[in-house]
Amino acid sequence: MRYPDYQGGSIVNLMQSLIHARGHRRPDAAPYPEARLLPASAIAKARHVVLLVIDGLGDEWLRRHAPDGLLARHRLGALTSVFPPTTASAITTYLTGDAPQQHGMTGWHMWLGELGAVLAVLPGTPRHGGSGYKQAGIDLRQLYGHRSLFAALQTPSVMVSPHKIARSDYNLAHLGPASLQPFEGFDGLCRAVAKALKRAREPTTVYAYWPGLDAIGHAHGIESPEALAHLDAIEQALDELRQRLAGSDSLLLLSADHGQLDVQPGQLIELDTLPELADCLRIPLCGEPRAAYCYLRPDRAARFERLCVDQLGADFELLPSDTLIARGLFGHGPPHPRLHERIGDYCLLARDRAALHQHLLGDQPFKQIGVHGGLSSAELMVPLCRIAL
């Protein structure tokens, strides 16, 4: 297993480089250094900066499948994501500049003591489904208290986001002073970026997010023909964008929130098949299928530990959740005030290609092939590409 490199080699450090180049250091922020691969001085020279995040684009996967492609030719190197390497935690880092240690987003499913519920935190729906934040009357800014990245930048900013999620409660809570540009399809993303830069009358920062590769990986597998064809389409569209914006004194930075690896049906463990172990839990599993937070019923710790070793030991490492903080997996510096309660009593960290799922009443069967959230290089390492326009 690898750990995130918050000392200069992670996406948190990339965001520090961007903030220092385009904005200002927050006096109360945790002291994360700039990225070794791309210090602020290398960004500050450009008039416009575009940060494009491709959900699910792993560095090893990119180098293996497109070693001579556009992105590989402009690759500076690899960064680590955050822990867990998943969208809820990593995209929040991109949109705040903070590590999970500070922003407190610890996975797709989180126990929120403030609400007394387990939520899928990006759509804001309870674990069993239902209404989101707004319909429930919850002010997301008050709930999470995050500071928008765009409030730290001194340039005008544009968030380019898929139409389906552009005006989600989560997006709007992180929009800050940026303007919002929805789009449809990857070609639409490229058009929206080009439009934002061509309309800019002063130095501008654009953040763009593309979820398509991640969705294909989940549905078909990240090693599938569909995923490889999508990578080819992305590179072709980006090459056209590069030509369209040539001479605009812009810098396109491309990275990702996490990579993926494929899990076969025999590598997925359903908690229903382990009833004694499931009986030790007081609430459903939280976090990710490859980094599951376990909240135990009183006086069940010894039994739970024994059952995990006997029934899951070959596939998962069991760690007290406080150990994750002690080892610096979420970051360093002062933690979010609710970080401890959002990671349970124990964490089951996947070995090899194992995944763990708990089926609840009303759930659809778990059908994901490409998964993430663990600490393999395939999941943790993401590329950093730099294209001067």
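The values are calculated or read from the model by the stated rules, or taken from the named source; none is laboratory data. All values derive from a computational prediction rather than experimental measurement. Cβ: placed from backbone, ideal geometry, glycine included. Neighbour counts: every protein chain shown.
Points to keep in mind about this one:
- Only one of 241, 261, 252, 245 that is in contact with a Lys or Arg (Cβ under 7 Å, 6 or more places away or on another chain) and among the aliphatic types (A, V, I, L, M): 261
- Neighbours by Cβ (under 9 Å, 6+ apart or cross-chain): first from the range 317-340, within 18 Å of residue 93 (Cα to Cα); second part of a loop (DSSP other than H, G, I, E, B) and acidic (Asp, Glu): 331/98; 336/98; 338/114
- Selection count, the range 129-164, where residues are closer than 26 Å to residue 357 by Cα and touching an Asp or Glu at 6+ places or on another chain (Cβ under 8 Å): 2
- Between 131, 148, 89, 81, the distinction of being small (Gly, Ala, Ser), over 29 Å from residue 283 (Cβ atoms) and in the same structural domain as residue 242 (by TED's automatic domain parsing) belongs to 148 only.
- Listed by position, the helices (runs of 4 or more DSSP H) contained in the range 52-107 that have at least 1 residues being hydrophobic (A, V, I, L, M, F, W, C) are 59-65, 70-73, 87-96.
- Considering only residues in the range 16-31 that are out of contact with any Asp or Glu (no Cβ under 8 Å at 6 or more places or on another chain) and assigned to a helix (DSSP H, G or I), the one that is modelled with the lowest pLDDT turns out to be 22.
- Residue selection: residue 333 satisfies the criterion of being within 20 Å of residue 12 (Cβ to Cβ) and modelled with pLDDT under 95.
- Test result for residue 133, of a type in the set (Ser, Thr, Tyr), at pLDDT below 95 and touching a Gly at 6+ places or on another chain (Cβ under 6 Å): yes
- Verdict on residue 338 being at pLDDT 95 or above, assigned to a loop (DSSP other than H, G, I, E, B) and out of contact with any Pro (no Cβ under 8 Å at 6 or more places or on another chain): yes
- Taking the criterion of being aromatic (Phe, Trp, Tyr) and in a strand (DSSP E or B), the only residue of the range 108-129 that qualifies is 111.
- Counted residues, the range 292-309 - those being in a strand (DSSP E or B) and out of contact with any strand residue (DSSP E or B) (no Cβ under 6 Å at 6 or more places or on another chain): 1
- Note on the range 310-328: residues that are assigned to a strand (DSSP E or B) and among the polar types (S, T, N, Q) amount to 0.
- Selection within the range 130-149 - in a helix (DSSP H, G or I), in contact (Cβ under 8 Å) with a residue 12 or more places away in the chain and not basic (Lys, Arg): 140, 143, 144, 149
- Among the residues of the range 158-168, none qualifies, meaning not one is touching a residue at least 12 places away in the same chain (Cβ under 8 Å), farther than 21 Å from residue 258 by Cβ and of a type in the set (Ser, Thr, Tyr).
- Extreme residue, surrounded by the fewest Cβ atoms within 10 Å (Cβ to Cβ), among residues of the range 149-189 that are of a type in the set (Gly, Ala, Ser) and over 28 Å from residue 233 (Cβ atoms): 151
- Any hit, the range 100-120, residues being more than 24 Å from residue 289 (Cβ to Cβ) and buried (at least 16 other Cβ atoms within 10 Å of the Cβ): yes
- Among the residues of the range 254-305, the ones that are closer than 30 Å to residue 384 by Cα and exposed (fewer than 14 other Cβ atoms within 10 Å of the Cβ) come to 1 in all.
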